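The values are calculated or read from the model by the stated rules, or taken from the named source; none is laboratory data. What you see is a predicted model, and the numbers here were worked out from it, not measured in a lab. Cβ atoms come from the backbone with ideal geometry, glycine included; neighbour counts cover every protein chain shown. All accessible areas refer to the heavy atoms of the entire protein, side chains included, with ligands and DNA or RNA removed. Shrake-Rupley method; radii C 1.70, N 1.55, O 1.52, S 1.80 Å.
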Amino acid sequence: MKWLAIANPAAGRAREADRMIDRLRRLRDVDAEIVRTAAPGDATRLAEASSAFDGVIAIGGDGTIAEVLQGLDLRRQQLAVLPAGHGNCLARDLEVGDPGRALEALRRGARRPLDLMDVGVGFQDGRTERRLCASTLAVGYVTEVVMFGRHRLPQLGRAAYAAAAMVVVPGVFEARMAGADEPARPRHYTGLVINNTAHLANFRGFPDASVHDGVLDVMEQGHGWSRQLLHNLSVLAGSRAFGPLRLRQAASERLELREARTFMADGELLHGVSRVAVDCRPAAVTCVVGSA
């Protein structure tokens, strides 16, 4: 099998992607051509031009994977992940969150179908866009944690988001959120999360979720800082105590925001978003996993 490895040098801590590239080059059983990105969007363009390859290896974080997915031939090509980001949600769910285990999985070649999220985004200025996502969509608290960790605590590397979650104070906003066949009533929230993975950055925030189950996992948040902190600590301890307002599963979700906000899609921050539609695409792509 012939792979194109697309590496994002800007992902995670300094030189993390370069270290992964060095280890990949030492794998004798893997036929991989390696290229690096230089700017946002490069991973999509490189994946679109990868028709000569049987699959694409994303070396980076969840944002790099998301870019690759936009250009991947989902019906013909396979996906592999070598983690080099901050959160690495998808890699953790695929049991390849550890670099050594990820390289061993690539060598062994165990594979499973992976669900994806088909996302339609509407902006305050009237623009719309569609994209595929594999991990996390969020507005409110989780997005604010990511922004704080990324911009204020980058020196902490993979611990940046966990540290940020302990200090960010949730803010309240109004939104309508419901499944495709449910009435959408306005409510006040501190955060909304639609996940494909069990992991939410470093946290296992959705203990019943699976990237192979054909449904979305939805978290509605509405607690203040002290209660949110208890929830964060419980998740870190592997406990279900002090949960969010609501956890549920659905095949699709619709979100309308009273006021446009910053929306996170697999690590990318989209500003001025007013509405989002999400549908689960079961078994959308074949992916290398840590165990079959």
Q.
Against the definition (open to solvent by 20 Å² or more (accessible area, probe 1.4 Å) and either of a type in the set (G, A, S) or more than 27 Å from A58 (Cα to Cα) (or both)), how does S291 come out, yes or no?
A. yes
Q: Among the residues of segment 147-172, write down those that are open to solvent by 10 Å² or more (accessible area, probe 1.4 Å) and of a type in the set (A, V, I, L, M, F, W, C).
A: M147, F148, L153, L156, A159, A162, A163, M166, V167, V168, V169, V172
Q: Please indicate, with yes or no, whether at least one residue in segment 106-118 is over 19 Å from S210 (Cα atoms) and either among the hydrophobic types (A, V, I, L, M, F, W, C) or at pLDDT 95 or above (or both).
A: yes
Q) Residues in segment 173-207 that are under 12 Å from L245 (Cβ atoms) and open to solvent by 30 Å² or more (accessible area, probe 1.4 Å): how many? A) 2
Q.
Of the residues V193, V169, V218, V211, only one is among the aliphatic types (A, V, I, L, M), out of contact with any helix residue (DSSP H, G or I) (no Cβ under 9 Å at 6 or more places or on another chain) and at pLDDT 95 or above; which?
A. V218
Q.
Just to check your reading of the model, which residue among L132, L106, L72, L114 is open to solvent by less than 10 Å² (accessible area, probe 1.4 Å) and not β-branched (V, I, T)?
A. L114
Q | strands (runs of 3 or more DSSP E) contained entirely in segment 200-280, each with at least 3 residues that are closer than 16 Å to F173 by Cβ | A | 216-221, 252-265
Q: Please give the number of the condition G41 fails out of (1) buried (at least 19 other Cβ atoms within 10 Å of the Cβ); (2) at positive phi; (3) not charged (D, E, K, R).
A: (1)
Q. G60 versus (1) within 22 Å of R76 (Cβ to Cβ); (2) open to solvent by less than 10 Å² (accessible area, probe 1.4 Å): which is the lone unmet condition?
A. (1)
Q: Answer yes if at least one residue in segment 266-276 is modelled with pLDDT of 95 or more, open to solvent by less than 20 Å² (accessible area, probe 1.4 Å) and closer than 26 Å to E95 by Cβ, and no otherwise.
A: yes
